[in-house]
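**Student:** Before I ask anything, here is the structure I am working with.
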Amino acid sequence: MKITVIGGAGVRTVIFINGLLNRYKALKIDKVALYDINQEKLQIIGKLCKHVINRNNKDLKLETADNAIDAIKGADYVVTTLRVGGDHSRVVDETIALKNGVIGQETTGVGGFSMAVRTVPVLIEYCELIKEYAPNAWIFNFTNPSGLVTQALRNAGYDKIIGICDAPSSTKFRMAKHLNVEEKDLYVEFFGLNHLSWIRSVKNTGTEILPDLLKDDEFLNDIQEFSMFDPELLRSIGFLPNEYLYYYYHREKALGNILKSGATRGKTIEEVNIRMMGELKSMDMEADPEGALQIFLYYMAVRENSYMSIETGSDKREVIEKGNLKVPDGMGYAGVMLDCIEGLQSEEGNYLVLSVQNNGCITGLEDEDVIEVTCKVSKAGIEPIPIGEVPESNYLLIRLIKLYEKLTVQAIKTKSKEKAIQALTLHPLINSYSLAKELVEQYDEAYGGIF
């Protein structure tokens, strides 16, 4: 079987390939095709991927395609991981937001809005190609804002699409490590929307332990995702939050820390990627593939080391040295996708957190609403676990953000400034008609007329 990665020049592709090497035979995958409009960067990433395969003495076939059709043709699974406009577009999104006094994070608020407006039309074009050249393929969307984008593609009629995010799986991994238990023995139940979800149940070999975890300050401080929140808040709501809820629960702190730092997350990543690609371009990768891989791993470690540090005002950064760094095992989004493929091929299946249609899962939402929830994945299909009614405070925030997402999808489809302004006016991180109108005008001007 064949996996195609659209946006294959992304830096995470190398880690994805490394994660695949331990599982490709069991999953009956023998070929990976990478495609990206940035062909120069694709060749560099492709060489790194091939070296990772060779240094592990594996026979997985990898090709870099110079056109999307060749990459897609015959694919059984397609991963979409795009950044329309490149790294600098994220800097533009964040800069405009901050000038207007709001958070511009790429998945949350107006930053996510801007990225979706640029990205959805491009992804629809790729989905049309997939429908023609790989009609039976499952599409795994990792393109941010993942939940909103998946909603748009579902609304456009593409049914075999799943939104994936590595945040829930990474959280579960760290929880299991702290508790010194096997991941397979830990059941962690999520509900909500992508980057707006909560954990409502944690079971260790079948025993509910969430109430005890909420009382445990050591646990809350040790898990990165929870340590940024006031423990009293978590005990008050009775759930463990996705880390992106920090932008809602501690909005003024996040905005103040970003403004005080003088740099945004997007700018930090842009600079790291520029330095990394500059070094890789200047060397003979054919002569020293391992040296090239170590340069890549160093800059990836620097990038990951800075995660959420600006927003939370944290200076807990490890000192990283070049040389002899290990390739990450691909647990992130690649791990979620491979776990999903494994589940779809098995009778027993497994539990994964995915962005899928609600279909009655959360009471009060429409069946076609895309939610992020724990699902049972098996040969029988992908079934969200029943959530039912949720506390009103969580439900109202979910409904509000879902309405924002739906209005944004309508704005993209009809190129309507009016709908765009309505969407941003409703968003709790903006919550102002006059501000929403100004933001829409500024993003429209920055990108040469997106409406």
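**Student:** Less than 11 Å Cβ to Cβ from Tyr187, Lys/Arg counted +1 and Asp/Glu -1: what total charge do the surrounding residues give?
**Tutor:** Net charge around Tyr187: -1.
**Student:** Between Leu325 and Lys203, what is the FRET efficiency for a Förster distance of 30 Å, r being their Cβ-Cβ separation, to the nearest 0.05?
**Tutor:** 0.25
**Student:** Taking the Cα centre of each part, how many Å lie between region 1-74 and region 191-207?
**Tutor:** Taking the Cα centre of each part, region 1-74 and region 191-207 sit 32 Å apart.
**Student:** What shape does region 341-422 have by the C-alpha gyration tensor, where a ≥ b ≥ c are the square roots of the eigenvalues, rounded means a/c under 1.5, and otherwise prolate means a/b greater than b/c and oblate the rest?
**Tutor:** Judged from the Cα gyration tensor, region 341-422 comes out oblate (a/c at least 1.5, b/c at or above a/b).
**Student:** Can you give me the solvent accessible area of Ser416 with a 1.4 Å probe, rounded to the nearest 10 Å²?
**Tutor:** Its accessible surface works out to 20 Å², give or take rounding.
**Student:** Same structure, new question: Given axes a ≥ b ≥ c from the Cα gyration tensor, I'd like to know whether region 7-92 is rounded (a/c under 1.5), prolate (a/b larger than b/c) or oblate.
**Tutor:** Since a/c reaches 1.5 and a/b is larger than b/c, the shape of region 7-92 is classed as prolate.
**Student:** Oh, and also: The chain: D in µm²/s via Stokes-Einstein (Kirkwood Rh, Cα pairs, 4 °C, 1.567 mPa s)?
**Tutor:** 57
**Student:** Then there is this: Decide, for region 141-262, between rounded, prolate and oblate: order the square roots of the alpha carbon gyration tensor eigenvalues as a ≥ b ≥ c, take rounded if a/c falls under 1.5, and otherwise choose prolate if a/b is larger than b/c, else oblate.
**Tutor:** It is oblate, given that a/c is not under 1.5 and a/b is not larger than b/c.
**Student:** Grab the Cα-Cα distance for Lys58 and Glu418, subtract it from 0.36 nm times how many residues apart they are, and report the gain in nm with one decimal.
**Tutor:** Gain on stretching Lys58 to Glu418: 124.2 nm.
**Student:** Which net charge results for the neighbourhood of His427, defined as the other residues with beta-carbon distances under 15 angstrom from its beta-carbon, given Lys and Arg at +1 and Asp and Glu at -1?
**Tutor:** Taking every Cβ under 15 Å from that of His427, the sum is +2.
**Student:** Working with all protein chains in place, sort Glu243, Glu252 by solvent-accessible area computed with a 1.4 Å probe, largest first.
**Tutor:** Order by accessible area, largest first: Glu252, Glu243.
**Student:** Given Val32, Val78, Leu48, which one lies farthest toward the positive end of the charge dipole of region 29-123, if we put +1 on the Cβ of every Lys and Arg and -1 on the Cβ of every Asp and Glu?
**Tutor:** About the Cα centre, the residue reaching furthest to the positive side is Leu48.
**Student:** Could you work out the per residue convex hull volume over the alpha carbons of region 80-165, in cubic angstrom?
**Tutor:** Per-residue hull volume (Cα only) is 77 Å³.
**Student:** For His195, His88, what's the largest-to-smallest order of accessible area, 1.4 Å probe?
**Tutor:** His88, His195
**Student:** Could you give the nm distance between label points at Arg251 and Ala156, where each point is 7 Å from its Cα heading toward the beta carbon?
**Tutor:** Rounded to a tenth, the inter-label distance reads 3.1 nm.
**Student:** Report, in deg cm²/dmol and to the nearest 500, the calculated mean residue ellipticity at 222 nm for the chain, where each DSSP H run with n ≥ 4 adds -39500 (n - 2.57) and the sum is divided by the residue count.
**Tutor:** Computed mean residue ellipticity for the chain: -15500 deg cm²/dmol.
**Student:** Obtain the radius of gyration and the Kirkwood radius of region 1-155 from its C-alpha atoms and give Rg over Rh.
**Tutor:** That ratio equals 1.01.
**Student:** Here's another thing I want to ask about it. What ranking of Trp198, Trp138 comes out by heavy-atom accessible area, probe 1.4 Å, highest first?
**Tutor:** My answer, sorted largest first, is Trp138, Trp198.
**Student:** Then there's this: Roughly how many Å² is the accessible area per residue of the chain, as a whole number, for a 1.4 Å probe?
**Tutor:** That works out to 42 Å² for each residue.
**Student:** A further question follows. Of the listed pairs Lys2/Lys184; Lys172/Lys203; Lys177/Lys203; Lys25/Lys131; Lys2/Lys376; Lys31/Lys58, which have alpha-carbon separations greater than 19 Å here?
**Tutor:** Those over the limit are Lys2/Lys184; Lys25/Lys131; Lys2/Lys376.
**Student:** So, with a 1.4 angstrom probe, what is the percent of accessible area on the chain that is carbon and sulfur?
**Tutor:** 47
**Student:** Right, something else. Using +1 at the C-beta of Lys and Arg and -1 at the C-beta of Asp and Glu, which of Pro231, Ala287, Tyr246 has the Cα lying farthest in the positive direction of the dipole of region 190-336?
**Tutor:** Checking the options against the dipole of region 190-336, the answer is Tyr246.
**Student:** Follow-up question, since we're still on this one. Let's test this: bin the Cα-Cα distances of region 284-397 at 5 Å from zero up to the farthest pair and state each bin's percent.
**Tutor:** 2, 10, 12, 12, 11, 12, 13, 12, 9, 4, 2, 1, 0
**Student:** Below 12 angstrom from the Cβ of Gly364, what's the summed charge of the other residues (Lys, Arg +1; Asp, Glu -1)?
**Tutor:** Net local charge, Gly364 excluded: -3.
The values are calculated or read from the model by the stated rules, or taken from the named source; none is laboratory data. For clarity, every value in this text was computed on a predicted model and none was experimentally measured. For neighbour counting, all protein chains shown are included, and Cβ atoms are generated from backbone atoms with ideal geometry for every residue, glycine included. To get the accessible areas, we keep the full protein, side chains included, count just its heavy atoms, and leave off ligands, DNA and RNA. Shrake-Rupley method; radii C 1.70, N 1.55, O 1.52, S 1.80 Å.
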